[in-house]
Amino acid sequence: MRDFFKYRAYVLLALIILGAMFFSGYTYGKKSVTSIEKITSVTNKDGQGITVVDFSPFWKAWAVINDKYVPTNSTTTERASDQTRVYGAIQGMVASLGDPYTIFFPPVESKSFNDEIGGQIEGVGMEIDVRDGVLTVIAPVKDSPAYKAGIKSGDKVLTIDDKLTTGLRTEQAVNLIRGKK
């Protein structure tokens, strides 16, 4: 009879330990909900002809950025929007092809590019690029407002509408300069 109670005590102790382990695992698992679980929906996810791909590294990186990233640029206190990060991921995917002629433009840049190649541009009429960290005129377009104003190849553009051009990419500068006729 004494062995029966001893055996029962061991079984009860084992059940208590097992229950405690289960409870602590459940509690820990609940606390470690990451940003992946915070994503409530993904639209337009019908990938036609897609083979099986492991997206877990992508989602893990997404979660780490959501949980841990702190903007380091002193002029930007906000993090990039989710849609901006999606466009960045697409740009990275296209860049991984290693083809200099295959590129992705987010919608705003795509419209600008399509306007440019469609000949629907209105602006001052000069080609610009960043050279040695300074926004520089490559060439004015003949008979354009820039040409008529005396802009020459090699001229430096230091401000646009009182905004310093230091640190601007060419596309950003073009967007600031371009406007209605």
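Just so you know, all these numbers are worked out from the coordinates, no wet-lab data involved. This one's a predicted model, so the numbers in the text were calculated from it and none came from an experiment.
Using θ = phi - 60° and the Karplus form 6.51 cos²θ - 1.76 cosθ + 1.60, what ³J(HN,Hα) does each residue of the range 128-145 get, whole Hz, x for Gly and Pro?
Per-residue couplings from phi come out as 10, 7, 8, 10, 6, x, 10, 5, 10, 6, 7, 6, x, 7, 4, 6, 8, x Hz.
Could you pull out every residue, at least 5 positions away or on a different chain, whose amide H is within less than 5 Å of the one on ASP155? Hs are placed 1.01 Å off N in the peptide plane, and Pro or chain starts have none.
It is VAL137, by chain and number.
Quick one: what are the phi-derived ³J(HN,Hα) couplings along the range 153-165, Karplus 6.51/-1.76/1.60 with θ = phi - 60°, whole Hz, x for glycine and proline?
So the J values, rounded to whole Hz, are 4, x, 4, 9, 9, 8, 9, 10, 6, 6, 9, 5, 8.
Please list the non-local residues whose amide H lies under 5 Å from the amide H of GLU127, H modeled 1.01 Å from N, same-chain partners needing a gap of 5 or more.
Under 5 Å from the amide H of GLU127 lie the amide H atoms of ILE138, ALA139, VAL141, each far enough along the sequence or on another chain.
Given H placed on each backbone N at 1.01 Å, which residues far from ILE160 in sequence or on other chains put an amide H within less than 5 Å of it?
Hits under the 5 Å cutoff: THR165.
Just subtract the alpha-carbon distance of ASP132 and ARG178 from 0.36 nm times their residue separation and send over the number in nm, one decimal.
Full-extension gain reported as 14.3 nm.
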